[in-house]
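**Student:** First, the structure itself, so that you have it in front of you.
Please treat every number below as a calculation from the coordinates, not as lab data. Not measured: the values here are computed from a predicted model. Please note: Cβ atoms are built from the backbone with ideal geometry, for glycine as well, and neighbour counts cover all protein chains shown.
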């Protein structure tokens, strides 16, 4: 039957910290493990380097600052750049006012990004240098 071989999504990820809907935090948050935000954060949200951390932002949650987390599941608002080394999931009510840097991306109908979508592989300096050289010479890398 259809769907029997599918693995469940990372929704079963363990949540270590919850920021409640009536909570407002001002300042950067550094974390590892699972972080779930229902409230407001005014500052950056940064996962420990080389971690498998997961950030979940509900439809009630918002972040005013940059996000640097390997896996991001967003259904709220982020005003700032979002950098995800592994995977980003933008649910139907997700809003990003900034650039999104991703390795894998899943975007539901209704999600909005007011900025650029940049695949992590595209940020390789040798590729950018090659493209600039070709642009200066009037040729294309296609």
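**Student:** Using Cα pairs closer than 8 Å and at least 6 residues apart in sequence, work out the relative contact order for region 13-137, in percent.
**Tutor:** 14
**Student:** Now for a separate question. Taking neighbour Cβ counts within 10 Å as the exposure measure, how do 32, 62, 53 sort from fewest upward?
**Tutor:** Ascending Cβ contact count within 10 Å gives the list 32, 62, 53.
**Student:** How do 117, 55, 35, 90 line up, fewest other C-beta atoms within 10 Å first?
**Tutor:** 117, 35, 90, 55
**Student:** Taking a quarter of the surface of the convex hull around the Cα atoms of region 13-137, what do you get in nm²?
**Tutor:** In nm², the orientation-averaged hull projection of region 13-137 is 8.2.
**Student:** For labels at residue 108 and residue 50 in the simple 7 Å Cα→Cβ model, what's the distance in nm?
**Tutor:** The two pseudo-label positions are separated by 3.5 nm.
**Student:** Cut-off is 10 Å between beta-carbons; in what order do 46, 19 appear when sorted fewest neighbours first?
**Tutor:** The order, fewest Cβ neighbours first, is 46, 19.
**Student:** Only bridges whose two residues both fall in region 13-137 count here: according to DSSP, what percent of them are antiparallel, nearest 5?
**Tutor:** 0
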